[in-house]
1. When residues of region 123-182 are filtered for being out of contact with any Gly (no Cβ under 6 Å at 6 or more places or on another chain), of a type outside the set (Ser, Thr, Tyr) and part of a loop (DSSP other than H, G, I, E, B), how many remain?
2. Go through region 100-112 and give me each residue that's in a strand (DSSP E or B) and exposed (fewer than 13 other Cβ atoms within 10 Å of the Cβ).
3. Suppose we keep only residues that are assigned to a helix (DSSP H, G or I) and not small (Gly, Ala, Ser) within region 183-196. Which one would you say is farthest from LYS138 (Cα to Cα)?
4. Restricting to region 105-122, count the residues that are within 21 Å of ASP142 (Cα to Cα) and either modelled with pLDDT under 85 or among the charged types (D, E, K, R) (or both).
5. If you check VAL2, VAL104, VAL115, which single one turns out to be touching a Gly at 6+ places or on another chain (Cβ under 8 Å) and touching a residue at least 60 places away in the same chain (Cβ under 8 Å)?
6. Quick one: which strands (runs of 3 or more DSSP E) lie wholly within region 1-71 and hold at least 3 residues that are under 18 Å from the mean Cα position of the chain (by Cα) and among the β-branched types (Val, Ile, Thr)?
7. Looking at (1) under 13 Å from THR69 (Cβ atoms); (2) among the aliphatic types (A, V, I, L, M); (3) surrounded by 17 or more Cβ atoms within 10 Å (Cβ to Cβ), can you tell me which one MET29 breaks?
8. Taking the condition under 16 Å from LEU23 (Cα atoms) and either at pLDDT 95 or above or of a type outside the set (Asp, Glu) (or both), does ARG47 pass?
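The values are calculated or read from the model by the stated rules, or taken from the named source; none is laboratory data. Quick caveat, the model's predicted, so the values are computed rather than measured. Cβ: placed from backbone, ideal geometry, glycine included. Neighbour counts: every protein chain shown.
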Amino acid sequence: MVILHVTALGLSRPLRTQDTDILVDLQTMSPEVICQWLLDHDFNMDRINPFGVAHIFRRGGLRIDVLATDHAGPRTPRTTIPPARTVEVPGGRKAVSGLTVARVTIEGLSGDVPVPDWVGALILKARAATELPDPEEKHLTDFALLLGLPVDARRFAETLTTRERRQLQRAIDRIHGSIWNSVADNVDPRAGRAAARFVGRPLNGNAKGRDLA
């Protein structure tokens, strides 16, 4: 997701990965559809953990995580390959509510990939950095990189609820100098800090008062 946002603007990303996340909108599709396709194309699913969760698929050096949007309701199926299930991503519902399309070409093959827009990507990374057990520094680096992209942060900020601003501010408060330094070859940290002021704590009471999770 971050790579697509960065490269679409002609910039480079300081990190490389062979990991791919697929975020399934539970309101429109079952994760099992994606997971069965992966099995049919020679991917293998990791073992089911003691909690009944298995959502990582591997083939060679590739790893694909099949994840689900949040707030879908307890009766919504989250099945990957029965009897396993996947996990919800905090901020996933917001992310799929505003999608853009990235054109991707790999080894001569091209296709359109739906990806969360800038503010949806920010919220995903902010909540990953503050709520998930994954390495915080990686998510904060991606978060700072997204903040520094040359986008109209003021326009995006107008779409944020008060709760979303607070979620973003929790991640902003964790960005220290070494993280800004790590992305300085790719984006201007001053632009990132300016964007943070737009999307963080409500300014002058102008943030939308809707408190959506």
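1. Residues meeting the conditions: 14.
2. The answer is VAL101, ARG103, THR105, ILE106, LEU109, SER110, GLY111, ASP112.
3. Per the criteria, the residue is ARG190.
4. 1
5. When all the criteria are applied, what remains is VAL104.
6. Strands (runs of 3 or more DSSP E) meeting the threshold: 19-24, 62-69.
7. Evaluating MET29 over (1) under 13 Å from THR69 (Cβ atoms); (2) among the aliphatic types (A, V, I, L, M); (3) surrounded by 17 or more Cβ atoms within 10 Å (Cβ to Cβ) leaves (3) as the failure.
8. no
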